[in-house]
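S.K.: One structure follows; several queries about it will come next.
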Amino acid sequence: HAMGSQVGEVLLYYCYCEVKDPEKLCAWQKALCQHLHLTGKVRVASEGINGTVGGSKVATSLYIKVMLSQPLFRNILCQEDFKSSAGGAHCFPDLRVGVFKEIVPMGIDPKIVSYKETGIHLSPQEFHREVEQYLSQASQGQSDTILLDCRNFYESKIGHFQGCLAPDIRKFSYFPSYVDENLELFKDKRVLMYCTGGIRCERGSAYLRSKAVCREVYQLKGGIHKYLEEFPDGFYRGKLFVFDDRYAICSNEDIISACRYCGVLWDQYKFCSSKHCRQLVLTCPSCCNKGLTACCPVCQEKELKVTSRASGQTLKEECECTRRRPRVPIENVSPRMLDTGK
C-alpha cells in the first residue's frame, strides 16, 4: 500500500425508510460519492438504502454530514448508525450504486415480510449481558435460548460469538429456507440474533417472527461492528468478515479457524486459484507454497487442466465444496452449537 493509504476509513450503514423515487436517490447518491472520491457499494430500493463506502477521513465525515441532512433520512438516520473502520477508497475496486428490490438480498418481497416487523433491538451492553447469561445457563445444559448467527458459513468460520448456532449457508437468500426447514429448533425459544452491521437481522428477525414459533426474538443493534467497539475482548472471538478487499478486521489477536490443508491456525482468506471458482479458501503460506491454492481437490484438478475454452466463457462454479454442502442444512433438534469454550 502507498504511504498514507491506511489513513482513511470505511463506513457501513443502512436506513430503512420510504423512498418514493429510488432512481432519483440513486443518481444523487452516485454523484455524491463521485464528488467525494468514495468507492464502494450502495444499494437503493423503495424500502431504503444500504451502503459501504471508503475514502479519506475528510470525505467520509462530509458524507455522513450530507446523509444526515438529506430530507429522506433526516429523522431516521443518525450519527450512531454509521459504523466505521480503518481503511479507505483502496478497499474497493470501484464505486457501484444501483437500484434493487431489497436493500439486503434475502429474496423475500419486502411487501410480504417487512423490516417493520423486526425483533427487539438490544444495545451492545444489553446483548453482552444476554450472551453472558445464555453461556452460563448453557454450560449447565438448561438454556431456552438460541444465539443465532445470521451470516454465511465463511463469515462465521473465522469469527463468531461463543456458543452460537451458525447455519452452514452460503447466501443470506437461503436463510428463509433454513428457518423453514428448522422450525422445530426455534419452537418456544428466545432467539438472540446477530450479523455484521445489523441489517440482515432487520429482515431475518422479521422473517423468523412471521413464523410465530419463537417465544421472543432479539437482535444486536449495530451488529458485531458496534459490539466490538464496546467489547473488543468480549464474547465475540476471532475476526469480523467484511465484504471488501480487506476480508476481515480484528479487535483482538484471536484466530479460531484453521488452514484447510494442514490444520494450522489460519484465518486469512484468498479466492480459490481455479479461475471459474468464487469460493474463499483458508490456506496458510506454507501450503500455498506447496501449490495448495484451490478450495478443494476438484478445483485443484481443474486448475491443472487449465481450461482450453474460448476466453471470456465463464464456467459454472462447480466443486466439491458447493456440491457436498446441502443448500439448506437441517439441524438436529439439539442444535450443533459452535464451540462454547474460549
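S.K.: I need a count of the residues in the stretch 120-155 that are touching a residue at least 60 places away in the same chain (Cβ under 8 Å), open to solvent by 10 Å² or more (accessible area, probe 1.4 Å) and of a type outside the set (F, W, Y).
M.R.: 13
S.K.: Looking only at the stretch 212-261, filter to residues that are acidic (D, E) and out of contact with any helix residue (DSSP H, G or I) (no Cβ under 9 Å at 6 or more places or on another chain); which one of those is nearest to L282 (Cα to Cα)?
M.R.: My answer is D254.
S.K.: Run V191 past the list (1) more than 18 Å from S114 (Cα to Cα); (2) surrounded by fewer than 23 Cβ atoms within 10 Å (Cβ to Cβ) and report the number of the one that doesn't hold.
M.R.: (2)
S.K.: Output the residues belonging to the stretch 278-304 that are closer than 12 Å to C259 by Cβ and in contact (Cβ under 8 Å) with a residue 60 or more places away in the chain.
M.R.: The one that is closer than 12 Å to C259 by Cβ and in contact (Cβ under 8 Å) with a residue 60 or more places away in the chain: L282.
Residue-by-condition table, conditions (1) within 19 Å of H225 (Cα to Cα); (2) in the same structural domain as G87 (by the TED database); (3) crowded, with 16+ Cβ neighbours inside 10 Å; (4) within 25 Å of the chain's Cα centre (by Cα):
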residue: D21; (1), (2), (3), (4): no, yes, no, no
residue: A31; (1), (2), (3), (4): no, yes, no, no
residue: V44; (1), (2), (3), (4): no, yes, yes, yes
residue: N50; (1), (2), (3), (4): yes, yes, yes, yes
residue: T60; (1), (2), (3), (4): yes, yes, yes, yes
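S.K.: Just to be sure before I move on: is C277 open to solvent by less than 20 Å² (accessible area, probe 1.4 Å), over 22 Å from L147 (Cβ atoms) and part of a loop (DSSP other than H, G, I, E, B) in the structure I sent?
M.R.: Spelling it out, C277 is indeed open to solvent by less than 20 Å² (accessible area, probe 1.4 Å), over 22 Å from L147 (Cβ atoms) and part of a loop (DSSP other than H, G, I, E, B).
S.K.: Out of (1) open to solvent by 70 Å² or more (accessible area, probe 1.4 Å); (2) within 19 Å of the chain's Cα centre (by Cα), the odd one out for S85 is which?
M.R.: (1)
The values are calculated or read from the model by the stated rules, or taken from the named source; none is laboratory data. Because the structure is predicted, anything quoted here is derived from the model rather than measured. Cβ coordinates were reconstructed from backbone atoms using ideal geometry, including for glycine residues, and neighbour counts include every protein chain displayed. What goes into the accessible areas is simple: the full protein's heavy atoms, side chains included, and nothing from ligands, DNA or RNA. Shrake-Rupley method; radii C 1.70, N 1.55, O 1.52, S 1.80 Å.
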